[in-house]
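The structure appears below as structure tokens.
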Amino acid sequence: MKYNKQTALFKLLAILSAYCMLLLAFRIWMTGTVFYGFLVWNLFLAYIPFAIGSIIIFKMPKKPVALLLLFIWLLFLPNAPYIITDIFHLKQQKLMPEWFDLLLVISFAINGLLLFFLSVRDVYTILLKHFSSTKTTIITLCIFFLTGFGVYLGRFLRFNSWDMLTNPKQLLFEIAEHIFQPVLHPRAWGFTLGFGTLLLVSFFIFKTINFKEERIQ
């Protein structure tokens, strides 16, 4: 039953992703530009933590491998909700009606959010097998605010997930400065707390609805 449900979920995600691609393809055809082509790359990055979470929960790798996968998962996790911030690009190019570009960006953003919530749900389930409910909740809280900070690093400081490997010195310097000198970086703290709280509340609503559906079934 669980396998069939997961298969159905994969199919629905594929349909949603195909819908996003169709909207983008139509825009490219109508305008002759690939201005929003970056949304494809951003969606691909959003699938990485979802795929890693699925591998961990279904393949159940040994502890060292699982810990490495979880680290990579956390590194790429901000890419999923990051797509929401692509709404900043609206009005930068007015070759299509504003409502269409809004629909395009929101479609990709919803796709990314769903991948984010499903991925966190998988990891939340894994954590519950090894920690108490209280500890799992605390770890999850940290994950959401780390994600909020990760989105800030990507949107405003233009860092990428792989900068941890290619440019770790600069990345760690910026992180340390923002953490230990909060007065100098109010935007970073405001965005991190605000965005992290939004993701946190939204996730627990998502999890509660999902739990109720499982009980009904």
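The values are calculated or read from the model by the stated rules, or taken from the named source; none is laboratory data. All values reported here derive from a predicted model rather than from experimental measurement. Every residue, glycine among them, receives a Cβ derived from its backbone with ideal geometry; neighbour counts consider all protein chains shown.
Details
- Any pair with Cβ under 6 angstrom, 6 or more apart, that starts in the range 23-40 at a residue that is touching a residue at least 24 places away in the same chain (Cβ under 8 Å) and of a type in the set (D, E, K, R) and ends at one that is outside any helix (DSSP H, G or I) and surrounded by 15 or more Cβ atoms within 10 Å (Cβ to Cβ): R27/M96
- When T134 is tested against (1) among the polar types (S, T, N, Q); (2) more than 18 Å from I83 (Cα to Cα); (3) assigned to a loop (DSSP other than H, G, I, E, B), just one condition goes unmet, and that condition is (3).
- Search result, residues across the range 105-130 that are in contact with a helix residue (DSSP H, G or I) (Cβ under 7 Å, 6 or more places away or on another chain), at pLDDT below 95 and more than 14 Å from F204 (Cα to Cα): I126, L127, L128
- Complete set of residues in the range 57-104 that are closer than 30 Å to T31 by Cβ, assigned to a helix (DSSP H, G or I) and without any contact (Cβ under 8 Å) to a residue 24 or more places away in the chain: I87, E98, W99, L102
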